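The values are calculated or read from the model by the stated rules, or taken from the named source; none is laboratory data. Please read these numbers as outputs of a predicted model, since none were measured by experiment. Cβ sites come from the backbone with ideal geometry, for glycine too, and all protein chains shown count toward neighbours. Note: areas computed on protein heavy atoms with side chains; ligands, DNA, RNA excluded. Shrake-Rupley method; radii C 1.70, N 1.55, O 1.52, S 1.80 Å.
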Amino acid sequence: MLLTTGQAAEELGCAITTYRRLIRAGVLPELSRRGVRVMTPLWVVQALQKRAPALVDRLDAGLLGVLRVDAARQVHDNDRNWAGYAAGLGPNDLLKGLRGWWRCDAASVAAGGVLPVTVSGYVVAVLTGLDRWEKDDGGRHAFPDAVLAGHITDLATPVKRLTAPQQNDRDIADLLLGGRLPSQSSGAIAYVSTRSSSAN
């Protein structure tokens with residue numbers, strides 16, 4: 001059985017625009033088209049419905065930054081060609097597109113030690129190596145030493161790519177990737193308490 005974008009969003013209890021971000025990010029498998037409509041298999045939507053919360057309560061930090069991004073778009077910056085997330089991008093482009101430039105309290109992000117990256121409330125990538133940051137003239141921050149610990153190529157199954165050189169970073173990515181991590185923020189970076197996550 002195939003669902004329209006509107007039907008899939010209704011099943012998940014989210015806005016159509018929220019669900020479209022997942023489609024554009026390329027993290028949903030077996031999509032098809034009927035004219036201009038994008039159709040999603042029912043099993044994919046059911047897999048997202050059943051997805052457990054990300055296990056942030058197992059991390060040492062009490063407060064965690066969460067980077068909320070849209071599907072990747074091309075940019076013309078000196079240090080990157082893409083901003084945002086797309087499953088089809090390679091690890092190098094993903095890292096460059098996710099490690100900056102964001103308005104945030106850089107010290108708080110660094111203190112968490114881990115920066116989960118979410119699209120529509122699902123963890124699609126994890127960054128570590130946040131100890132050093134830079135600030136541009138517009139007040140945005142980047143983390144030049146950030147490491148892409150892992151990322152998702154298929155959110156439904158999920159299919160994880162663990163890319164960090166350090167085993168501890170790969171373990172953290174494996175723990176978080178594919179989980180639900182809702183957050184509220186007017187900007188790209190939100191902050192969530194790891195101690196109350198089990199109650200969400």
### Task
Residue by residue through segment 176-190, note down the ones that are open to solvent by 20 Å² or more (accessible area, probe 1.4 Å) and either part of a strand (DSSP E or B) or polar (S, T, N, Q) (or both).
Arg180, Gln184, Ser185, Ser186
### Message
Can you pull out every residue in segment 159-186 that is of a type outside the set (D, E, K, R) and in contact (Cβ under 8 Å) with a residue 40 or more places away in the chain?
### Response
Thr163, Ile172, Ala173, Leu175, Leu176, Leu177, Gly178, Gly179, Leu181, Pro182, Ser183, Ser185
### Query
Looking only at residues in segment 105-125 that are part of a loop (DSSP other than H, G, I, E, B) and in contact with a Phe, Trp or Tyr (Cβ under 9 Å, 6 or more places away or on another chain), which one is nearest to Thr163 (Cα to Cα)?
Ser120
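Do we have Ser193 as touching a Gly at 6+ places or on another chain (Cβ under 9 Å), open to solvent by 40 Å² or more (accessible area, probe 1.4 Å), in contact (Cβ under 8 Å) with a residue 12 or more places away in the chain and under 15 Å from Val66 (Cα atoms) here?
Values: touching a Gly at 6+ places or on another chain (Cβ under 9 Å): yes; open to solvent by 40 Å² or more (accessible area, probe 1.4 Å): yes; in contact (Cβ under 8 Å) with a residue 12 or more places away in the chain: yes; under 15 Å from Val66 (Cα atoms): yes.
Yes: the conditions hold for Ser193.
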### Task
Quick one: count up the residues across segment 34-51 that are modelled with pLDDT of 95 or more and more than 15 Å from the chain's Cα centre (by Cα).
12
### Task
Only residues that are of a type in the set (Lys, Arg) and open to solvent by less than 50 Å² (accessible area, probe 1.4 Å): list them for segment 157-175, please.
none
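Within segment 133-149, is there a residue that is open to solvent by 80 Å² or more (accessible area, probe 1.4 Å), assigned to a loop (DSSP other than H, G, I, E, B) and at pLDDT 95 or above?
Within segment 133-149, one or more residues are open to solvent by 80 Å² or more (accessible area, probe 1.4 Å), assigned to a loop (DSSP other than H, G, I, E, B) and at pLDDT 95 or above.
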### Task
Kindly list the number of the only condition in (1) in contact with a Leu (Cβ under 6 Å, 6 or more places away or on another chain); (2) open to solvent by 40 Å² or more (accessible area, probe 1.4 Å); (3) in contact (Cβ under 8 Å) with a residue 60 or more places away in the chain that fails for Ser120.
(2)
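Going by what's in this entry, would Gly84 be described as under 14 Å from Leu22 (Cα atoms) and either hydrophobic (A, V, I, L, M, F, W, C) or touching a helix residue (DSSP H, G or I) at 6+ places or on another chain (Cβ under 9 Å) (or both)?
yes
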### Query
Of everything in segment 75-104 that's part of a helix (DSSP H, G or I) and among the charged types (D, E, K, R), which residue is surrounded by the most Cβ atoms within 10 Å (Cβ to Cβ)?
Lys96
### Residue count, segment 21-74 (criterion: of a type in the set (Ser, Thr, Tyr) and either surrounded by fewer than 18 Cβ atoms within 10 Å (Cβ to Cβ) or not in a strand (DSSP E or B) (or both))
1
### Task
Would you tally the residues in segment 10-20 being in a helix (DSSP H, G or I) and either closer than 19 Å to Ala125 by Cα or free of Cβ contacts under 8 Å to residues at least 24 places away in the same chain (or both)?
6
### Query
Quick one: what pairs do we get from segment 37-61, first residue without any contact (Cβ under 8 Å) to a residue 40 or more places away in the chain, second open to solvent by 10 Å² or more (accessible area, probe 1.4 Å) and of a type in the set (S, T, N, Q), C-beta under 6 Å, 6+ apart or different chains?
Arg37/Thr4; Val38/Thr5; Met39/Ser32
